[in-house]
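Report on the structure given below.
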Amino acid sequence: MYAHCFRSGHIELSAHPDIEGGICIGEGTEDELTRKLDGRARMSWNDTWLIPGVPEAETGDAALDATIRFKTRMDEPLPEAG
């Protein structure tokens, strides 16, 4: 599975590595991606994941910076369950 984000900040899971208009921010099993997103993304009013800072970004560069920061966090391993 792949996690993609869009300029709106919305994050979508897909079986496809490339989605038109989306940037791939993570790859793994659906369970792994869901656990990473649950701990790192914020929820919108309609229960979809958003990258913090992207919806509020005033410029494309600011949105891209927020996306890069978020992708760096997505690449970090999940803490061990304990």
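Output ³J(HN,Hα) for segment 11-25: one whole-Hz value per residue in order, computed from phi by the Karplus curve 6.51 cos²θ - 1.76 cosθ + 1.60 with θ = phi - 60°, and x for Gly and Pro.
Karplus-based 3J(HN,Hα) across segment 11-25 equals 10, 10, 8, 8, 7, 9, x, 10, 10, 4, x, x, 10, 6, 10 Hz.
With a probe of 1.4 Å, find how much accessible area segment 1-44 has per residue, and write the answer as a whole number in Å². Each step should come with its number before you reach the end.
Details: 2500 Å² over 44 residues.
Ligands and nucleic acids excluded, the figure is 57 Å² per residue.
I'd like the carbon and sulfur percentage of the solvent accessible area for the chain, probe radius 1.4 Å, heavy atoms only, ligands and nucleic acids excluded.
Working: 2750 of 5260 Å².
So the carbon and sulfur contribution to the accessible surface is 52 percent.
Provide the per-residue ³J(HN,Hα) series for segment 56-62, in order, calculated from phi with Karplus coefficients 6.51, -1.76, 1.60 and θ = phi - 60°, each as a whole number of Hz, with x at glycine and proline positions.
Values per residue, Gly and Pro as x: 8, 4, 7, 9, x, 5, 5 Hz.
The values are calculated or read from the model by the stated rules, or taken from the named source; none is laboratory data. The model shown is predicted, which means the values in this text are computed figures rather than measured ones. What goes into the accessible areas is simple: the full protein's heavy atoms, side chains included, and nothing from ligands, DNA or RNA. Shrake-Rupley method; radii C 1.70, N 1.55, O 1.52, S 1.80 Å.
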